[in-house]
1. Name, by its number, the condition in (1) exposed (fewer than 11 other Cβ atoms within 10 Å of the Cβ); (2) in the same structural domain as Arg564 (by the TED database) that does not hold for Leu595.
2. Before we move on, is Leu41 part of a strand (DSSP E or B) and surrounded by 17 or more Cβ atoms within 10 Å (Cβ to Cβ)?
3. Those residues that are basic (Lys, Arg) and either buried (at least 21 other Cβ atoms within 10 Å of the Cβ) or modelled with pLDDT under 85 (or both), I need them from the range 157-200; list them, please.
4. Out of the residues in the range 837-859 that are modelled with pLDDT of 50 or more, open to solvent by less than 100 Å² (accessible area, probe 1.4 Å) and under 22 Å from Lys826 (Cα atoms), which is farthest from the chain's Cα centre (by Cα)?
5. So, Lys275, is that one at pLDDT below 60 and among the basic types (Lys, Arg) or not?
6. Taking Tyr30 as meeting all but one of (1) open to solvent by less than 50 Å² (accessible area, probe 1.4 Å); (2) among the aromatic types (Phe, Trp, Tyr); (3) touching a Pro at 6+ places or on another chain (Cβ under 8 Å), write down the number of the exception.
7. What are the pairs with Cβ atoms under 8 angstrom where one residue, in the range 383-399, is within 17 Å of Asp413 (Cα to Cα) and the other, located anywhere, is among the charged types (D, E, K, R) and surrounded by 12 or more Cβ atoms within 10 Å (Cβ to Cβ)? Sequence gap at least six, or different chains.
8. (1) surrounded by 16 or more Cβ atoms within 10 Å (Cβ to Cβ); (2) of a type in the set (S, T, N, Q); (3) over 30 Å from Tyr9 (Cβ atoms): which one isn't true of Asn68, the others all being true?
Amino acid sequence: MTKTRFNTYDVVCSVTELQKLVGMRVNQIYDIDNKTYLIRLARNEEKVVLLLESGLRFHTTSFEWPKNMAPSGFTMKLRKHLKNKRLESLQQLGVDRIVDFQFGSGEAAYHIVLELYDRGNILLTDCDLRILNILRPHVEGEELRFAVREKYPRDRAKQDNGPPSMEQIKEAIQKAHPGDTLRTALNPVLEYGASVIDHVLHKHGLFGCRIGGEIPNDPALPKKVKKKQKNLAKEFSKVFDMETDLAPLMSAINDAESMLRAAQKEPSPGYIIQKKELKPVKEGEKEEYYFTNLEYQPYLYNQYQGEPYKQFDSFTTAVDEFYSSLESQKIDLKAFAQEREALKKLSNVKTDHAKRIEELTKVQLGDRKKAELITRNQDLVDKALLAIQSALASQMSWTDIQDLVKAAQANKDPVASCIRQLKLEINHISLYLADPYAFLDEGNSDEDEESSDREEDEEKLEPMVVDVDLALTAFANARRYYDQRRFAAKKEQKTIESSSKALKNAERKTIQTLKDVRTQTTISKVRKVYWFEKFYWFVSSENYLVIGGRDQQQNELIVKRYMRPTDIYVHAEIQGASSVIIKNPAGGEIPPKTLLEAGTMAISYSVAWDAKVVTSAYWVRSEQVSKTAPTGEYLTTGSFMIRGRKNFLPPCHLVLGLSFLFKLEDSSVERHRGERRVRTFDEESVASKDEVQSEISDHPVDQEIELDDESDNDGENKEMKKMEDASLPETVKKLSISEEPTSDASGSQSGAEEEPEKDSGVPQFPDTHVKVEHDTGKVSVKADPILQRLTSGADADSVVFLGDEKPYIIQPSAPRIKQISKSKQKAKDKEQKAKQKQAPAPKEEPQKPGQLKRGQRAKMRKIKEKYKDQDDEDRKLIMEILKSAGNRKPDEETKEDDDAAADKGKAGFSKRTPA
């Protein structure tokens, strides 16, 4: 039996525990239904919801209960008189199930009187207990009226007079009816509740006692009462003895009184007594159990020892859990009943199909045996058929034929003796046939012991009655039974095939039914809401709580109530910007990263978001923020006066994100410790360097040198090798901190660390510029421009970095590499022509100069005009000063300079052939 309402001991425990609510103010009042009401109380940041249900219970709740869309008239009356009132006292009237809640004090006091007995009631009264509103008006007797403007009779509650005396106990037992239990007899004089009485009786060995005497057979008593008394007499066989059991009974009553006084002083824990039941499962699945809640108790009584239970820290928590899960428990029980019904239907389908298959198997076996008996007794069957057919042919009546058969049986005729019944209306007769070769089977029984039981059943033919058709011969009758057996076998096969489909459909329907049943709605528990969740808020990358107002009222609330002297105020000089507070309880300086994130928040919640305008926020300390306006001015709601210097932040990006907060398990806390700590500049540099190295290691450095022509000339290959060694190895070794420096042709070390005692004039740690293209994954590496110019050849490009990401490349007027490659290609072509077969070659026409590109003709004209007075010696000196000839051999330089001087009179830097 499920417990549905508070008893006296429960009221005492709940009143004692809820004394912690005294001093809290009423925030709002809601109604769940016409009997249940919610009172939301608040004190500073503490919020509690008190639930009152007429006639049943009162406790605090942490669950979200469905509220009515529109408040009732009774709720509006409560709001009118109780809102913003402080709960001054909460007490039980006497030892009765009546609780008085007083809100306010003095003449402004109002009372809520909650009655938890009978049909229950809730009354709202003024300071003089005059009823202002009542949930259930009624009249008791002739004078006592419960209605508006009537005074509530406070003294009608049962008063606490202590435990009853021994004479009162004796009198109560003597007034009890024979067959009643001892608890039933004591309940009118004890105010402890049935559970407490059973507990103390069980403790003193009196549990299960009944009042002695014969059960009266009063015809005026209802049948249910008589049946109950008889059942109790059978169940409680022990009879209470006034002489021997009275002393233990008084000790039990004193223990109950001690429990009541202890509950009035200290809060009690809570227990939910449960019942273990088997959960309906399909065949083959593992058995599962579910627990249903039976009772909530403030004490683990002796009568519940051995029963499953759940323990809670407080009694009101247990009551809240019990009633919040009561509806879901009813749904679960209903769902389990539907599951049992669905599984029962599935089981019936399986049983029916198995039964049909078994019957078809039996029919096949019976038809085979009948056919075998007819075959083995073929002569006897033919004689019996012939005898009956002859009698019918002689036009004898059916009665005469019956008499003829009986007379022949009396004469012990073997043919007539096998006839058991004449079914002439359907042209059949029934013959009792036995196996004529049974004695042979008995003789060979010792040899067949190793055969299976099924084979023995199939071979052994028991005597049986077989119906035969008079229109057919014995052989034809045997064939008819064989045909029936084959038909039954085919039917069995079809039944098996159809049964598998039917079972699959039944299982599918059952599974769908179970899914539909288990899809249910339950009351969800409300998570505790923190105080900062009513604002805009986030936790910065360095673990600082940042809050911002949603409107002007919240902006003012944040600054007035929640800003502390160590906090930082962040704002922006733009319309609609939120007032942002960085909580800094530990004091100290706020890191720049957190300041920038707070500034982004302040600007994002302003008109800058819609207008896509990037601006700067500023931060000040809390003592610089004031609500006092200058003389002659005033500040609107949400506006503040900033005095002193404003610390402006860099322009913020209008970027906001959404994140999910997960609670870590205890085993994962250590792995994530320190992730939100404040990082120094050195740690950020190391982290960025590690990221660059990991990026380069993931994408290998591919440095490509594009040439217009490939030549087998060793000098050119060496020159290309020098250019490659001068650029690629030094940068790569700089990034990987290599120990071996790379030397160029001149013997100087480039791009590597030198020993401290060596001084070559080249910096030990040259600057290296790394550019990573994230879309292609290519890494471009360039060394310091000064060091590259010192170590590169005359034909190498000069790279100048102007402070941005794109380098400015200075190239010669005519690239030497391109010029050399073209001349080498021309010489190679001539050598190939010289090796061809000698033949009268046609006279070659003078070669025309190559077609110049657009703008190149004017460029060449300017170069010719500029260097028209320059001879070869002057040009050589200038090239040495500029170091544009590179590190080449003297004979190569002379040869190239002579070629250049020879070609100077021609059109610009035209192609030339090597000597």
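1. Every listed condition holds for Leu595 apart from (1).
2. It is true that Leu41 is part of a strand (DSSP E or B) and surrounded by 17 or more Cβ atoms within 10 Å (Cβ to Cβ).
3. Lys175, Arg183
4. Gly850
5. No.
6. With (1) open to solvent by less than 50 Å² (accessible area, probe 1.4 Å); (2) among the aromatic types (Phe, Trp, Tyr); (3) touching a Pro at 6+ places or on another chain (Cβ under 8 Å) applied to Tyr30, the lone miss is (1).
7. Taking only residues 6 or more apart or on different chains, the pairs are Ala391/Asp400.
8. With (1) surrounded by 16 or more Cβ atoms within 10 Å (Cβ to Cβ); (2) of a type in the set (S, T, N, Q); (3) over 30 Å from Tyr9 (Cβ atoms) applied to Asn68, the lone miss is (1).
The values are calculated or read from the model by the stated rules, or taken from the named source; none is laboratory data. What you are looking at is a predicted structure, and each value in this text was computed from that prediction instead of being measured. Please note: Cβ atoms are built from the backbone with ideal geometry, for glycine as well, and neighbour counts cover all protein chains shown. To get the accessible areas, we keep the full protein, side chains included, count just its heavy atoms, and leave off ligands, DNA and RNA. Shrake-Rupley method; radii C 1.70, N 1.55, O 1.52, S 1.80 Å.
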